[in-house]
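Notes follow once the structure below has been shown.
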Amino acid sequence: MTTLTATTTFTPGTEARLAVARQVADAVLFEGYVLYPYRASAAKNRLRWQFGVLVPPAWTARTEEHDFQHTELLMEPRRGATLAVEVRFLHTQRRTVQRVCPDGTFETVGELRLDDQVIVPWDEGHEQAVRLTVPVDTLAGEGVVVPFSRPAAEETEPVPDSTGRVVGRLVRRREEVTGALRLSASELEGPYRTHRLSLVVENTSDWTPDGDADRDAALPRSLVASHALLCLDSGRFLSMTDPPEWARGATAACRNLHTWPVLAGEPGRGDLVLSSPIILEDHPAIAPESPGALYDATEIDEILALRTAALTDEEKREARGTDARAAAVIELADTMPPEVLERLHGAVRGLREVTTPAVPATVAVPSDPFGQSGVTRPDTPWWDPGADASVDPAGDHVLVGGRPVRAGSRVVLRPRLRHSDAQDLFLSGRLALVEAVLHDVDGGVHIAVTVDDDPGADIRREQGRFLYFQPDEVDVAEDA
């Protein structure tokens, strides 16, 4: 296996493509980072870091968490293609709060109260990325390994009051984390130039926990919210959830452990993949109505915004002092314009052209505000039976055994097991009156009937609540 060194930058073209996927990747990176009500004292903010945590190997014996992620998927690179990989994670840094003593020294305290915030101890997430660019042809055999490390560090930040006088400081400490990326590819047999790509991200820390160590001791040495972005400069990846028919067997044989790869970026393109500890669908996207990161994707943006705006002033002070990202959420909720909040009520994207105010049929109107082409509004909407003059439920007919069946015909019901429920089967052999012959938008034909001797037939007829059978589920009655 060849050992490579990580790079710090990508080419402008690769950087532009990866940037398309990073908005969703950022949501993965900070999923559950700080939850409503955005205060460190809240019970649900005391158990942190729940997704994609790669712990030190020695810690796996005490927990069900893992020290690696394994991604496998299929790709069709063109000759001479280059693969770019970006593994992203959070490096936990422990923040303590200290107050200035009368003699100028500092003492650690549980909180530091300022006019606009209450600063408390907190574990922050320091963003990290390991980048690699490698020709696909070099990944054959054992592939390549890229070891990486992030050193231990300590930083201090003075905390001034409203007059500018330093009243305390924040001390941030990070422990060393080490890891490795293992990347390989093998060409599959067959007529297509298809490769199985394998990416393993692992924590290689040699840290050994003490006998009374808990999870809080392992987290500063872990890769938190670990996920990977993959980009081919020439060629495509195959979807793991909807592969071509010929690739289904090879796709099913791929091993994905503690992560799941999906196509990323614009629908219709296959050069980007996001491998995430949170299962997503292909081409995931942030809703355009979302006003900003709220870090609590288990809730709805509108509810979160309203609840956050309703926090008391004291609760907001603590949230601002909990974390810079929590402070930004408070600011967002407090300054959100009414029209933005209104936008969060919801959107039905498939019906934008239907819900646009009515205009004459000859006028083309924009389908939505996202720049798509206009649509021509018909006089009658598509779902109205009057929109298609070629069908007439009361007069149309269908041939059954070579004989026409239409409204007024009498039939014997013969429900089929393949698309009937128990209630239909109870009607087998019963006589029925055909009320209409209907055509659906997919080209199917349905016979609407009322059953003879049904005391509620008149009510069903008045309300249009019929029973429906397909042409091969009825026989023409002998006396018809």
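Which pairs have Cβ atoms under 9 Å, sit 6 or more apart or on different chains, and link a residue in the range 48-67 that is under 17 Å from V200 (Cα atoms) and open to solvent by less than 10 Å² (accessible area, probe 1.4 Å) to one that is of a type in the set (D, E) and not in a loop (DSSP other than H, G, I, E, B)?
Qualifying pairs under 9 Å: L54/E202.
Could you say which residue among P191, P135, P151, P147 is touching a Gly at 6+ places or on another chain (Cβ under 9 Å) and loosely packed, with under 15 Cβ neighbours inside 10 Å? Please lay out each step first, then the result.
Working: P191 fails: touching a Gly at 6+ places or on another chain (Cβ under 9 Å); P151 fails: touching a Gly at 6+ places or on another chain (Cβ under 9 Å); P147 fails: loosely packed, with under 15 Cβ neighbours inside 10 Å.
Selected residue: P135, the only one of P191, P135, P151, P147 that is touching a Gly at 6+ places or on another chain (Cβ under 9 Å) and loosely packed, with under 15 Cβ neighbours inside 10 Å.
Under 6 Å between Cβ atoms, which residue pairs at least 6 apart in sequence (or on different chains) link something in the range 131-152 that is free of Cβ contacts under 8 Å to residues at least 60 places away in the same chain with a partner that is in a strand (DSSP E or B) and of a type in the set (G, A, S)?
L139/S184; L139/A185
Taking helices (runs of 4 or more DSSP H) that fall entirely within the range 236-339, which contain at least 1 residues that are over 25 Å from H70 (Cβ atoms) and open to solvent by less than 30 Å² (accessible area, probe 1.4 Å)?
So the answer is 301-309, 313-322, 324-335.
So, of the residues in the range 19-47 that are of a type in the set (S, T, Y) and open to solvent by 10 Å² or more (accessible area, probe 1.4 Å), which turns out to be farthest from A217 (Cα to Cα)? Lay out the reasoning, then the answer.
Let us first name the residues in the range 19-47 that are of a type in the set (S, T, Y), namely 33, 36, 38, 41.
In the following step, the residues that additionally are open to solvent by 10 Å² or more (accessible area, probe 1.4 Å) were identified as 36, 41.
On the way: Y36: 25, S41: 20 Å.
For the range 19-47, the residue satisfying everything is Y36.
If a residue has to be in contact (Cβ under 8 Å) with a residue 60 or more places away in the chain and either part of a loop (DSSP other than H, G, I, E, B) or of a type in the set (G, A, S) (or both) to count, how many in the range 154-169 make the cut?
1
Within the range 423-433, can you find the residues that are open to solvent by 20 Å² or more (accessible area, probe 1.4 Å) and in contact with a strand residue (DSSP E or B) (Cβ under 7 Å, 6 or more places away or on another chain)? Explain how you work it out, then say what you get.
Start the filter on the range 423-433 by keeping residues that are open to solvent by 20 Å² or more (accessible area, probe 1.4 Å), which leaves 423-431, 433.
Once the filter is applied, which keeps residues that are open to solvent by 20 Å² or more (accessible area, probe 1.4 Å) and in contact with a strand residue (DSSP E or B) (Cβ under 7 Å, 6 or more places away or on another chain), the range 423-433 yields L427, S428, G429, R430, L431, L433.
Among the residues of the range 215-235, what is the count of those that are touching a strand residue (DSSP E or B) at 6+ places or on another chain (Cβ under 9 Å) and open to solvent by 40 Å² or more (accessible area, probe 1.4 Å)? Walk me through it before giving the result.
Pass one, the range 215-235, residues touching a strand residue (DSSP E or B) at 6+ places or on another chain (Cβ under 9 Å): 216, 219-235.
Pick out the ones that are also open to solvent by 40 Å² or more (accessible area, probe 1.4 Å) and you get 216, 221, 233.
Adding up the residues that qualify gives 3.
Could we say that T178 is modelled with pLDDT under 95, among the polar types (S, T, N, Q) and closer than 13 Å to V55 by Cβ here? Spell out the reasoning first.
Details: modelled with pLDDT under 95: no; among the polar types (S, T, N, Q): yes; closer than 13 Å to V55 by Cβ: yes.
The answer is no for T178.
Looking only at the range 399-415, filter to residues that are closer than 19 Å to L427 by Cα and among the basic types (K, R); which one of those is surrounded by the fewest Cβ atoms within 10 Å (Cβ to Cβ)?
R414
Filter the range 17-63 for residues that are of a type in the set (G, A, S) and either within 21 Å of the chain's Cα centre (by Cα) or part of a loop (DSSP other than H, G, I, E, B) (or both) and give the result.
Taking the range 17-63 first, the residues of a type in the set (G, A, S) are 19, 21, 25, 27, 32, 40-43, 52, 58, 61.
Selection gives A19, A21, A25, A27, G32, A40, S41, A42, G52.
Tell me which residues, restricted to the range 1-18, are aliphatic (A, V, I, L, M), farther than 22 Å from G143 by Cα and surrounded by 13 or more Cβ atoms within 10 Å (Cβ to Cβ). Please lay out each step first, then the result.
Applying the first criterion (aliphatic (A, V, I, L, M)) to the range 1-18 yields 1, 4, 6, 16, 18.
Going one step further and asking which of them are farther than 22 Å from G143 by Cα, we end up with 16, 18.
Once the filter is applied, which keeps residues that are aliphatic (A, V, I, L, M), farther than 22 Å from G143 by Cα and surrounded by 13 or more Cβ atoms within 10 Å (Cβ to Cβ), the range 1-18 yields only L18.
Please go through (1) touching a Pro at 6+ places or on another chain (Cβ under 9 Å); (2) among the basic types (K, R); (3) at pLDDT 95 or above for R62 and return the number of the only condition it doesn't satisfy.
Single failed check for R62: (3).
Give the residues of the range 459-480 that are open to solvent by 100 Å² or more (accessible area, probe 1.4 Å) and either within 43 Å of the chain's Cα centre (by Cα) or polar (S, T, N, Q) (or both), sorted by residue number.
Q463, R465, Y468, listed by residue number.
Is it the case, given these coordinates, that L90 is of a type in the set (A, V, I, L, M, F, W, C), surrounded by 21 or more Cβ atoms within 10 Å (Cβ to Cβ), over 26 Å from C254 (Cα atoms) and touching a residue at least 60 places away in the same chain (Cβ under 8 Å)?
Numbers: of a type in the set (A, V, I, L, M, F, W, C): yes; surrounded by 21 or more Cβ atoms within 10 Å (Cβ to Cβ): yes; over 26 Å from C254 (Cα atoms): yes; touching a residue at least 60 places away in the same chain (Cβ under 8 Å): yes.
Against the criterion (of a type in the set (A, V, I, L, M, F, W, C), surrounded by 21 or more Cβ atoms within 10 Å (Cβ to Cβ), over 26 Å from C254 (Cα atoms) and touching a residue at least 60 places away in the same chain (Cβ under 8 Å)), L90 qualifies.
Confirm whether A436 is open to solvent by 30 Å² or more (accessible area, probe 1.4 Å) and over 15 Å from D475 (Cβ atoms). Walk me through it before giving the result.
Working: open to solvent by 30 Å² or more (accessible area, probe 1.4 Å): no; over 15 Å from D475 (Cβ atoms): yes.
Judged against the criteria, A436 is not a match.
Spot the failing condition for W260; the list is (1) modelled with pLDDT of 90 or more; (2) aromatic (F, W, Y); (3) more than 30 Å from S184 (Cα to Cα), and only one is missed.
(3)
Just to be sure before I move on: is L238 in contact with a Ser or Thr (Cβ under 7 Å, 6 or more places away or on another chain) and among the aliphatic types (A, V, I, L, M) in the structure I sent?
Numbers: in contact with a Ser or Thr (Cβ under 7 Å, 6 or more places away or on another chain): yes; among the aliphatic types (A, V, I, L, M): yes.
For L238, the condition - in contact with a Ser or Thr (Cβ under 7 Å, 6 or more places away or on another chain) and among the aliphatic types (A, V, I, L, M) - is met.
Every residue in the range 445-455 that is loosely packed, with under 12 Cβ neighbours inside 10 Å and either touching a strand residue (DSSP E or B) at 6+ places or on another chain (Cβ under 9 Å) or modelled with pLDDT of 90 or more (or both), please. Quick ask: steps written out before the conclusion?
Here is the first cut: in the range 445-455, the residues loosely packed, with under 12 Cβ neighbours inside 10 Å are 453, 455.
Hit for the range 445-455 is D453, nothing else.
Just checking: which of the strands (runs of 3 or more DSSP E) contained wholly in the range 66-135 hold 2 or more residues that are among the small types (G, A, S) and either under 27 Å from S149 (Cα atoms) or at pLDDT below 95 (or both)? Full working, then the answer.
On the way: elements: 68-77, 82-100, 106-109, 122-135.
Qualifying strands (runs of 3 or more DSSP E): 122-135.
Only one residue in D212, D161 is among the acidic types (D, E), farther than 24 Å from H70 by Cβ, surrounded by fewer than 12 Cβ atoms within 10 Å (Cβ to Cβ) and modelled with pLDDT under 95, so which one is that? Before the answer, list the steps.
Working: D161 fails: surrounded by fewer than 12 Cβ atoms within 10 Å (Cβ to Cβ).
Sole residue among the options that is among the acidic types (D, E), farther than 24 Å from H70 by Cβ, surrounded by fewer than 12 Cβ atoms within 10 Å (Cβ to Cβ) and modelled with pLDDT under 95: D212.
Here is a check on your reading of the model: is S205 outside any strand (DSSP E or B), small (G, A, S), over 26 Å from the mean Cα position of the chain (by Cα) and surrounded by 20 or more Cβ atoms within 10 Å (Cβ to Cβ)?
Taking the combined requirement at face value, the residue satisfies it.
The values are calculated or read from the model by the stated rules, or taken from the named source; none is laboratory data. Values in this document were obtained by computation on a predicted structure and should not be read as measured data. Because the Cβ atoms are built from the backbone with ideal geometry, glycine has one as well, and the counts that use them run over all protein chains shown. Surface accessibility is based on the protein's heavy atoms, side chains included, excluding ligands, DNA and RNA. Shrake-Rupley method; radii C 1.70, N 1.55, O 1.52, S 1.80 Å.
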